[in-house]
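A.B. asks: Have a look at this one before I ask anything.
The values are calculated or read from the model by the stated rules, or taken from the named source; none is laboratory data. Note that the coordinates shown come from a computational prediction; the quantities given were computed from them, not determined experimentally. Cβ placement follows ideal geometry from the backbone for every residue including glycine, while neighbour counts extend to all protein chains displayed.
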Amino acid sequence: MIHPPRTVLVDRPDRSRARRGCSPRSPRGLSLIEILIALALGLFLLAGIIQVLASARAAYRLAEAQARTQENGRFAMQYLARELRPSRSGACRNIAHEEIDGTLNVLACSLLADVDNCTGDARIGTKEPLGYSPSATPGGAYDALTGLPALARTMVGKRWLRGDVLVSWGTFGEGFYTQNRTIEETTPAALQDVLNEPITFIDGTAAADIASAGLTAGALALITDCETTDLFAVSSTPSASLTTLPLDSTKNKALNQLQGSTLGVSKSIRARVFPFDFRVYFICCVNQKEGSLQVDANVGKCTTDPATYRPSLCRWSTSEADTQSLTMDVADLRVTFDGQDGAARFSEPASTVTGDKLWDRVHSARIELLVTSDDEVRTKNAPPSQAVRNSTRGLGQGLASDRRLYETFNTTVAIRSRAPWYASP
């Protein structure tokens with residue numbers, strides 16, 4: 001059987017290339033729907049990243065505010081505790097002992113409320129107030145501060161914002177030894193000549209150290225031989241460096257008294273001289289942009305314009321004769337004094353202790369501070385009193401709600417001048 005010849009189909013070159021996709025063709029791009037979907041996904045991811053960054057920034061600001069608040073609170077609390085603990089204590093003996101024995105002679109007119117009648121017979125003792133609970137309006141607390149030295153009453157009253165006022169006074173530092181001196185003269189004229197001689201410090205005492213301790217003209221100083229004590233004002237001297245403490249016989253009459261004087265008759269003395277200071281702590285108002293303390297009616301700006309004006313812990317002292325801000329953003333201060341009135345114990349604010357004349361029975365104080373952040377870091381407004389726990393004195397009450405961070409600090413301080421191991425007056 002004869003088969004027909006097979007037919008072989010041969011593609012044309014151009015058709016073969018067409019089937020293999022080799023012919024020219026325009027590329028296909030993204031559709032509008034695909035672009036919109038890509039944009040939506042990108043925006044979603046970007047929003048998530050922004051949210052994470054915002055949360056991280058808020059957490060950082062909150063942590064930073066907490067760190068600053070705790071640092072300010074610890075500093076203020078430790079500072080006040082250190083200042084109050086030795087209050088009303090002399091160098092060798094406390095004021096209670098001096099008061100019982102009548103061995104403390106005082107002529108420091110700047111400590112007295114009535115400077116015009118400074119006679120040299122003034123006394124300070126355990127009945128001197130250690131604090132006040134003012135009830136006056138801000139910038140006008142003069143009447144509530146009766147009993148403070150006149151200048152302190154004016155300076156503190158003009159700058160007081162809110163809260164209690166804490167007072168501390170006494171010696172500080174290690175003191176400086178005077179040269180040995182024996183007084184054997186008994187005639188008034190000869191004795192007066194000796195008493196009018198300057199107090200010379202022991203050899204090796206540097207004048208710069210004496211000045212740096214606060215013993216400069218106009219400052220207060222206390223000299224004691226651990227038996228009798230004199231508190232006086234350092235009189236002026238033509239010398240630029242204090243190698244001696246010059247006496248002013250017209251003003252420092254306490255040093256010139258024959259009875260009970262450190263420079264007594266027939267005594268060989270090697271007394272020590274200490275700087276003496278009177279300090280008042282309270283809440284004031286500061287312009288945080290300029291660093292200036294506000295006075296009188298401007299004190300209220302801490303309430304009306306808290307963005308610019310911030311509360312601060314302030315100190316007035318006789319050594320500086322002025323007020324200075326110690327640490328910012330301390331919003332409130334409360335002090336409760338504890339003591340023993342006969343068989344009964346008491347825990348009262350300064351106003352009650354003053355009214356009931358219990359200052360000589362006070363042996364400790366509880367200090368409460370409300371410290372705030374300088375900017376608003378919380379997400380919601382809340383009253384500052386929410387941060388206060390276990391305050392019997394209403395710490396933070398009456399302060400307006402805001403988004404600032406608030407923390408409380410408290411401690412109890414034993415007052416050395418009335419500690420149980422000292423004699424009671």
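A.B. asks: Taking the stretch 294-327 only, how many residues are among the aliphatic types (A, V, I, L, M) and either touching an Asp or Glu at 6+ places or on another chain (Cβ under 7 Å) or free of Cβ contacts under 8 Å to residues at least 24 places away in the same chain (or both)?
C.D. replies: Looking only at that region, the number is 1.
A.B. asks: For the stretch 215-235, state whether one or more residues are over 30 Å from K301 (Cβ atoms) and modelled with pLDDT under 65.
C.D. replies: No, that holds for no residue.
A.B. asks: Taking the conditions exactly as written (at pLDDT below 70, surrounded by 15 or more Cβ atoms within 10 Å (Cβ to Cβ) and either over 37 Å from the mean Cα position of the chain (by Cα) or of a type in the set (G, A, S) (or both)), does L263 satisfy them or not?
C.D. replies: yes
A.B. asks: Would you check which residues across the stretch 392-425 are at pLDDT 80 or above, hydroxyl-bearing (S, T, Y) and surrounded by 18 or more Cβ atoms within 10 Å (Cβ to Cβ) and list them?
C.D. replies: Within the stretch 392-425, Y406, T408 meet the criteria.
A.B. asks: Restrict the check to the stretch 381-397 and report whether at least one residue is part of a helix (DSSP H, G or I) and under 20 Å from C285 (Cα atoms).
C.D. replies: yes
A.B. asks: Can you confirm whether L370 is under 23 Å from F75 (Cβ atoms), free of Cβ contacts under 8 Å to residues at least 60 places away in the same chain, outside any loop (DSSP other than H, G, I, E, B) and hydrophobic (A, V, I, L, M, F, W, C)?
C.D. replies: For L370, the condition - under 23 Å from F75 (Cβ atoms), free of Cβ contacts under 8 Å to residues at least 60 places away in the same chain, outside any loop (DSSP other than H, G, I, E, B) and hydrophobic (A, V, I, L, M, F, W, C) - is met.
A.B. asks: Quick one: what pairs do we get from the stretch 86-99, first residue on the phi > 0 side of the Ramachandran plot, second among the β-branched types (V, I, T), C-beta under 9 Å, 6+ apart or different chains?
C.D. replies: From the stretch 86-99, the pairs are R88/I95; R88/I124; R88/T126; R88/I415.
A.B. asks: Name the single residue that is farthest from the chain's Cα centre (by Cα) among those in the stretch 80-102 being surrounded by fewer than 20 Cβ atoms within 10 Å (Cβ to Cβ) and assigned to a loop (DSSP other than H, G, I, E, B).
C.D. replies: Only one residue tops the list, namely G102.
A.B. asks: Out of the residues in the stretch 145-173 that are free of Cβ contacts under 8 Å to residues at least 24 places away in the same chain and over 18 Å from T126 (Cα atoms), state the one that is surrounded by the fewest Cβ atoms within 10 Å (Cβ to Cβ).
C.D. replies: Here the answer is T154.
A.B. asks: Would you confirm whether any residue within the stretch 116-138 is hydrophobic (A, V, I, L, M, F, W, C), more than 23 Å from V353 (Cβ to Cβ), at pLDDT below 75 and touching a Cys at 6+ places or on another chain (Cβ under 8 Å)?
C.D. replies: So far as the stretch 116-138 goes, yes, one or more of its residues are hydrophobic (A, V, I, L, M, F, W, C), more than 23 Å from V353 (Cβ to Cβ), at pLDDT below 75 and touching a Cys at 6+ places or on another chain (Cβ under 8 Å).
A.B. asks: Could you list, in sequence order, the residues of the stretch 345-384 that are surrounded by fewer than 22 Cβ atoms within 10 Å (Cβ to Cβ), among the aliphatic types (A, V, I, L, M) and modelled with pLDDT of 90 or more?
C.D. replies: L358
A.B. asks: Let me ask something else about it. Could you grab me the full set of residues in the stretch 342-357 that are assigned to a loop (DSSP other than H, G, I, E, B), free of Cβ contacts under 8 Å to residues at least 24 places away in the same chain and among the charged types (D, E, K, R)?
C.D. replies: The answer is D356, and nothing else.
A.B. asks: Would you point out which residue out of D360, D338, D332 is out of contact with any helix residue (DSSP H, G or I) (no Cβ under 9 Å at 6 or more places or on another chain), at negative phi and not in a loop (DSSP other than H, G, I, E, B)?
C.D. replies: Matching residue, one of D360, D338, D332: D338.
A.B. asks: Another question, if that's okay. Just for the stretch 266-296: of the residues that are modelled with pLDDT under 90 and hydroxyl-bearing (S, T, Y), which one is farthest from the chain's Cα centre (by Cα)?
C.D. replies: Within the stretch 266-296, the match that is farthest from the chain's Cα centre (by Cα) is S266.
A.B. asks: Look through the stretch 164-187, keep the residues that are part of a loop (DSSP other than H, G, I, E, B) and in contact with a strand residue (DSSP E or B) (Cβ under 7 Å, 6 or more places away or on another chain), and return whichever of them is modelled with the lowest pLDDT.
C.D. replies: N180
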